[in-house]
Amino acid sequence: MTTATTTPPSRAAGGRLAHVDALRGFALLGILIVNIGYLASAYHGTGVEDPGFTSPLDNAVRWFVAVFFEAKFFLLFSFLFGYSFTLQLASAERHGARFASRFLRRLAGLFVLGALHAVLLFPGDILTTYAVLGLILPAARHLRPRTAVYTAAALFALTAAAYAVLALSAHAAGGSGVDPATAAGAERATEALRGGPVSVVAAHLEQLPDVLMLLLFFQAPAALAAFLLGLAAGKSQTLGDIARHRRTLGRLQWAGFTLGLLGGVVYAHANLEHPGSPYQILAMGIDVVTAPLLAAAYAATVLKLARGRHADRLIALLAPAGRMTLTNYLAQSLVCALLFTGYGAALVGDVPPLGVLAIALVLFTTQAAASRWWLRRHHYGPLEWLLRAWTTLTRPPLRLSAAHNRTPRPGPLSPRRGARRSPRIRCRTCGRRRRRRRPCAACPSTSRRPSSSC
């Protein structure tokens with residue numbers, strides 16, 4: 001019986017590793033579950049509970065998202081960004097292209113898309129952060145994998161220590177609680193997001209300074225550390241042969257689902273029960289250290305499942321969405337903006353947390369099916385193609401050729417296109433049914449033509 005350790009790495013179109021695309025799709029799902037909470041309620045992340053949804057079920061959903069999703073999945077995204085950097089570097093070397101100019105154009109394209117995304121759709125955009133931090137990767141390309149891992153660990157530790165010092169300073173100053181003006185600000189933001197397009201854009205611009213502070217002091221250091229971990233994984237080709245690292249994946253699962261999960265509970269308790277307190281600041285520092293463990297456990301679980309008994313089903317579900325990450329990420333914000341802001345239905349503040357979670361799951365399922373349909377006909381997603389064209393200054397083919405899509409038919413005995421198909425008959429040797437003019441697969445003859453007994 002074939003086991004996971006003997007199965008060769010499954011590859012998608014173009015030599016891509018299908019299990020890595022599945023991991024991208026999984027990260028995309030987690031990002032959606034986190035981001036949609038901010039899009040559905042202006043109170044989310046402010047420390048003030050939405051007055052419209054205070055039931056035990058509402059609080060349970062908030063706890064679930066905070067413990068298992070918040071601050072974890074952007075790390076997976078960041079890890080895969082660093083990993084993809086090594087793939088782009090190898091591709092440029094194979095084609096004899098100048099990598100620096102290519103990569104800078106790619107980062108510039110991401111920055112422009114991210115800036116438009118932040119202003120028009122969702123201020124919590126991550127693409128601009130990636131574009132800025134990505135400037136560091138070319139300088140880090142010569143780091144040994146072990147050095148990159150040690151540097152990432154130091155970044156996580158220093159960021160956590162900075163939060164601990166900040167928490168002690170806040171405690172010494174006697175600071176505690178949420179600013180009373182926060183609730184009024186959230187109410188104003190809700191009304192602005194229900195207005196017309198100009199009002200929505202103005203609300204986004206007003207939120208951007210606070211979002212930039214969060215990105216600068218919380219997400220950016222952790223994202224850079226995850227970049228370096230992805231860089232190390234790419235240079236050591238860790239994801240190319242998962243079977244060799246099953247013991248390491250098991251250790252990551254153990255650490256993530258114990259220490260990482262415990263840190264997630266502390267983070268959720270501080271943010272939901274004690275917002276604005278020194279304890280919340282300290283909990284964010286704890287989460288900086290423990291969230292990478294839980295994210296790594298998620299990645300290890302997906303990678304092991306993608307090499308196990310149900311690998312085909314998992315890859316069929318997640319990999320197409322993972323191959324179109326950029327298109328799907330921005331499409332998620334577009335759909336949510338049409339649902340929750342004045343661009344469309346203006347449902348911000350009207351959907352309970354459980355309904356928001358259900359919308360996220362339905363939206364991702366729809367995207368997975370749409371991505372699978374699209375990639376049967378095209379090489380890339382729409383925005384992936386656009387970014388690739390800008391990066392390489394070429395016009396790569398978008399649609400798959402007819403020969404690629406056509407199902408191959410056996411040998412010279414196939415009926416011509418448009419001809420009537422011959423009826424099925426039963427083979428006299430093996431008893432199986434076949435078409436009259438087709439060879440029988442079960443016959444012992446090695447000829448392309450049917451044996452005489454057929």
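Screening ASP287, ASP350 for residues that are among the charged types (D, E, K, R), within 29 Å of PHE53 (Cβ to Cβ) and in a helix (DSSP H, G or I) leaves exactly one candidate, ASP287. Take GLY185 and decide whether it is touching a residue at least 24 places away in the same chain (Cβ under 8 Å) and open to solvent by less than 20 Å² (accessible area, probe 1.4 Å). No; evaluated as a whole, the condition is false for this residue.
Scanning the range 232-284 for residues that are of a type outside the set (Gly, Ala, Ser) and in contact with a Leu (Cβ under 7 Å, 6 or more places away or on another chain), which turns out farthest from TYR298 (Cα to Cα)? Selected residue: ILE281. Where residues in the range 316-325 are open to solvent by less than 20 Å² (accessible area, probe 1.4 Å) and under 21 Å from LEU110 (Cβ atoms), which of them is nearest to the chain's Cα centre (by Cα)? Taking the candidates together, the pick is GLY322.
Sort out which residues of the range 214-227 are out of contact with any Phe, Trp or Tyr (no Cβ under 9 Å at 6 or more places or on another chain) and either at pLDDT 85 or above or of a type in the set (Asp, Glu) (or both), and write them in order of number. Hits for the range 214-227 are ALA220, LEU224. Residues in the range 231-245 that are out of contact with any Ser or Thr (no Cβ under 7 Å at 6 or more places or on another chain) and assigned to a helix (DSSP H, G or I): ALA232, ALA233, THR238, LEU239, GLY240, ILE242, ARG244. Annotation: of all residues in the range 100-114 being under 12 Å from VAL132 (Cα atoms) and aliphatic (A, V, I, L, M), the one that is surrounded by the most Cβ atoms within 10 Å (Cβ to Cβ) is LEU110.
Only residues that are touching a residue at least 12 places away in the same chain (Cβ under 8 Å) and either open to solvent by 40 Å² or more (accessible area, probe 1.4 Å) or on the phi > 0 side of the Ramachandran plot (or both) were counted in the range 255-265, giving 5. Within the range 199-222, residues that are under 16 Å from LEU133 (Cβ atoms) sit with their Cβ atoms under 7 Å from residues that are part of a helix (DSSP H, G or I) and not β-branched (Val, Ile, Thr), at 6+ positions apart or across chains, in these pairs: PHE218/MET284; GLN219/PHE74; ALA220/LEU133; PRO221/LEU155; ALA222/LEU75; ALA222/PHE156.
A count restricted to the range 150-175 and to residues that are of a type in the set (Val, Ile, Thr) and assigned to a loop (DSSP other than H, G, I, E, B) stands at 0. State whether one or more residues within the range 165-174 are over 19 Å from LEU75 (Cα atoms), at pLDDT below 95 and open to solvent by less than 40 Å² (accessible area, probe 1.4 Å). Scanning the range 165-174 turns up at least one residue that is over 19 Å from LEU75 (Cα atoms), at pLDDT below 95 and open to solvent by less than 40 Å² (accessible area, probe 1.4 Å). State whether one or more residues within the range 369-380 are part of a loop (DSSP other than H, G, I, E, B), at pLDDT below 95 and either under 27 Å from ALA71 (Cβ atoms) or open to solvent by less than 50 Å² (accessible area, probe 1.4 Å) (or both). No, there is no match, as no residue in the range 369-380 is part of a loop (DSSP other than H, G, I, E, B), at pLDDT below 95 and either under 27 Å from ALA71 (Cβ atoms) or open to solvent by less than 50 Å² (accessible area, probe 1.4 Å) (or both).
Which of the residues that make up the range 332-375 are more than 24 Å from the chain's Cα centre (by Cα) and small (Gly, Ala, Ser)? Result: GLY342, GLY344, ALA345, ALA346, GLY349. Filtering ARG244, ARG251 for residues that are surrounded by fewer than 16 Cβ atoms within 10 Å (Cβ to Cβ), at pLDDT 90 or above and of a type outside the set (Ser, Thr, Tyr) leaves a single hit, ARG251.
Cβ-Cβ contacts under 7 Å between residues 6 or more apart (or on different chains), taken from a first residue in the range 109-128 that is at pLDDT 95 or above to a second residue that is among the charged types (D, E, K, R), are listed as GLY114/ASP125; HIS117/ASP125; ALA118/ASP125.
With LEU137, LEU158, LEU87 as the choices, which residue is buried (at least 16 other Cβ atoms within 10 Å of the Cβ) and in contact (Cβ under 8 Å) with a residue 24 or more places away in the chain? One residue alone meets the criteria, LEU137.
The listed residues are PHE69, PHE53, and the only one of them that is closer than 29 Å to LEU261 by Cα, out of contact with any Ser or Thr (no Cβ under 9 Å at 6 or more places or on another chain) and not β-branched (Val, Ile, Thr) turns out to be PHE69.
Kindly establish whether PHE74 is open to solvent by less than 30 Å² (accessible area, probe 1.4 Å), of a type outside the set (Lys, Arg), in contact with a His (Cβ under 9 Å, 6 or more places away or on another chain) and within 27 Å of ALA40 (Cβ to Cβ). So PHE74 does not fit the description; no.
This table checks each residue for (1) among the aliphatic types (A, V, I, L, M); (2) part of a helix (DSSP H, G or I).
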position	(1), (2)
GLY52	no, no
TRP63	no, yes
ALA66	yes, yes
PHE79	no, yes
ALA97	yes, no
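For the range 266-290, the candidate set comprises residues that are among the aliphatic types (A, V, I, L, M), within 19 Å of PHE156 (Cβ to Cβ) and over 23 Å from the mean Cα position of the chain (by Cα); within that set, the residue that is surrounded by the fewest Cβ atoms within 10 Å (Cβ to Cβ) is VAL266.
The values are calculated or read from the model by the stated rules, or taken from the named source; none is laboratory data. The model shown is predicted, which means the values in this text are computed figures rather than measured ones. Neighbour counts run over all protein chains shown; Cβ positions are idealised from the backbone, glycine included. These accessible areas exclude ligands, DNA and RNA; they are computed on the full protein's heavy atoms, side chains included. Shrake-Rupley method; radii C 1.70, N 1.55, O 1.52, S 1.80 Å.
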